[in-house]
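Visitor: Quick one: this structure, given as structure tokens, is what I'll be asking you about.
The values are calculated or read from the model by the stated rules, or taken from the named source; none is laboratory data. Computed from a predicted model, the values in this text were never measured in an experiment. In this analysis, Cβ positions are derived from the backbone assuming ideal geometry, glycine residues included, and neighbour counts consider all displayed protein chains. Side chains included, ligands, DNA and RNA excluded: accessible areas come from the protein's heavy atoms. Shrake-Rupley method; radii C 1.70, N 1.55, O 1.52, S 1.80 Å.
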Amino acid sequence: MLNELKKQDTIVLDSKTNYNSNKDTYMKIYKNLPCAAILLNEGDRAFELNNKALKMFEGLDIEYHLQNIITEISKKVSNFSEKNVEKKCEYEVVTEEGTKYLEVTLDYLEDSEVSYQIMIIHDITAYKLYEEKLIEQKKVVENNSVSKELFLANISHEIRTSINGIIGMTDLTIMTDLTMEQKENLKLVKSSALKLLNIVNSILDLSKVNCGKMKVENVEFNFKEMYSETVRISTMKAMDNKLEFKSKIDDGIPEMLIGDPIKLKQILDNLIDNAIKFTKYGTISLIIEKGEIIDKKINIKFYVKDTGIGIDKKDVSKIFTSFEQIDNKVYTKKSPGTGLGLCICKGLVELMGGKIEVKSRKDVGTLFSFNLFLQKCAKPTFMNINSTNNRVKKVNKKLNILIVEDDKASQIVMYNLFKKHGHICDIANNGKEALNLLNIKQYDLILMDIQMPIMDGVQTTKFIRKSEESNNKHVPIIALTAYALKGDKENFLNLGMDEYISKPFNVEELLQTVYKMVKDDEAGLNNINKQRNIDREALFLYLL
């Protein structure tokens, strides 16, 4: 019985079935469609509007708008006369209720008696207004992001200028005749300035990661040498804190790899420093293992383990969040910092295509792990890519150097540095002063600040390069900048500068860069050598 009922209730559709031939029924349905519909004759003129269409175009010239709609559709459809082609457009109309946005679809209806077109219209005003709102909000967010970036760039530039003066003048003073107590006091001043600079760098790094300005390098580097250097420095830090440092590396990892050694070392240093900071007794361990090889890239896994205070389960989710610090009463004073280190590590690892994880037990210890895919070098090389000649190449002549810098402390630091090496320096406070000096004197080299009043370093460089076109000369220009968010090395080189010195750098890096830009000369060798007895202690200059 049940099967018989099912069969009776089932309606089988086929082309021969005549469900309803009553046109009045169709017209009632048409009139009450939930969307606006208009029937057009062969001359594209309206002859029937349903209730929604009548209300939508009330008080408007319907024929005028229909022709505009058809024109808009024809612009979008090349073969407008084809019946099987989708014909659709968006149309804007001003009504008594305000501007309305319509989505219009045009289609053909044919039967044995008549052939005409039907226009289906949907009111998408709410959707379009919401879309416009989202676009405006996106613009606001982007503008705020740019404003934030510019603010960070400007404020960091000003902070670095002041720090540069503190560090530079401190170093120059340390090289004079002082008592041991005075030297120790000045070293503490320098140490505090370097900590402040580290905070600024962390904020900038985080900003660059968040706004996508951080770039990943892919260069050949000596992985084993980077590992050895990390172990050496970390062992010393651990010993200073009365901790043991252990390390192990997979022998199967090639010596030379392709990747970003600077960012990799930054990640390892941050994780190891963090482990040392939160470990009172015991051991810090660094383990590096070789994973699978995919498309000539080796999946290398890094582990940093400690026997420190550990992390509560409730706090694990916080540690990779900006400016978050785990509340621990025992270590509150021992663990200063911005809370940015782990957040930056996470950003850098993910930027390089890896993933970072953490496992921890309270009062037992913590294990941080991350992986990176590093590419094998095409050909084995025995050249030490990372090693540099620590001895500064000497030039056998007295250089005439133009320092274009608006900060007084930076001027004094650079002036005294080159004076101690037997060179002559002139100082310009801005680009306009620099151009005036260049009109009356020739220089072997120009050290160019970027951000200056009246005429900045970029404008000045462009003017110098333009003027050199007529006299067939070329004065080397080295860009010095801490405006980290406003460009990189390639940008400044493209603007006409010959070299770019980033921050921070030491005196030997600065001198080596300067000396490689000028031609050597045998004259004046003895005079130069007499004045090369500068203190070789690392003189870190953060020149703007």
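Visitor: Excluding Ile288 itself, calculate the net charge of residues whose Cβ lies under 11 Å from the Cβ of Ile288, where each Lys or Arg counts +1 and each Asp or Glu counts -1.
Guide: On the way: positive: Lys224, Lys248, Lys290, Lys301; negative: Asp250, Asp251, Glu289.
The answer is +1.
Visitor: Each label point is 7 Å from the Cα along the Cα-to-Cβ direction; what then is the distance between the points at Lys138 and Leu60, in nm?
Guide: Result: 2.7 nm between the two label points.
Visitor: Additional query: Under 13 Å from the Cβ of Gly165, count the other residues' Cβ atoms, weight Lys and Arg +1, Asp and Glu -1, and hand me the total.
Guide: -2
Visitor: Still on this model: If you take every residue apart from Thr230 with its C-beta less than 14 Å away from the C-beta of Thr230, what net charge results, scoring Lys and Arg +1 and Asp and Glu -1?
Guide: +3
Visitor: Report the label-to-label distance for Asn68 and Ile440 in nanometres (one decimal), using points 7 Å from each Cα along the Cα→Cβ vector.
Guide: 7.0
Visitor: Moving to a separate point now. Using 0.36 nm per residue, how much length does the chain from Ser228 to Glu158 gain when fully extended, once their Cα-Cα distance is taken away?
Guide: Length gained between Ser228 and Glu158: 21.6 nm.
Visitor: So which of Lys242/Lys314; Lys265/Lys296; Lys138/Lys462; Lys237/Lys346 end up more than 32 Å apart by C-alpha? It would help to have the intermediate numbers written out before the result.
Guide: Numbers: Lys242/Lys314 30 Å; Lys265/Lys296 22 Å; Lys138/Lys462 35 Å; Lys237/Lys346 23 Å.
Where the Cα-Cα span goes over 32 Å, the pairs concerned are Lys138/Lys462.
Visitor: Compute the FRET efficiency between Asn491 and Val94 as 1/(1 + (r/R0)^6), taking r as their Cβ-Cβ distance and R0 = 45 Å, and round to the nearest 0.05.
Guide: After rounding, the FRET efficiency stands at 0.40.
Visitor: Using the heavy atoms of the protein chains alone and a 1.4 angstrom probe, what is the accessible area of segment 228-316 per residue in square angstrom?
Guide: 52
Visitor: Further, regarding this structure: Could I have the simple spin-label model distance between Tyr108 and Asn51, label points 7 Å from Cα toward Cβ, reported in nm to one decimal?
Guide: According to this spin-label approximation, the distance is 3.2 nm.
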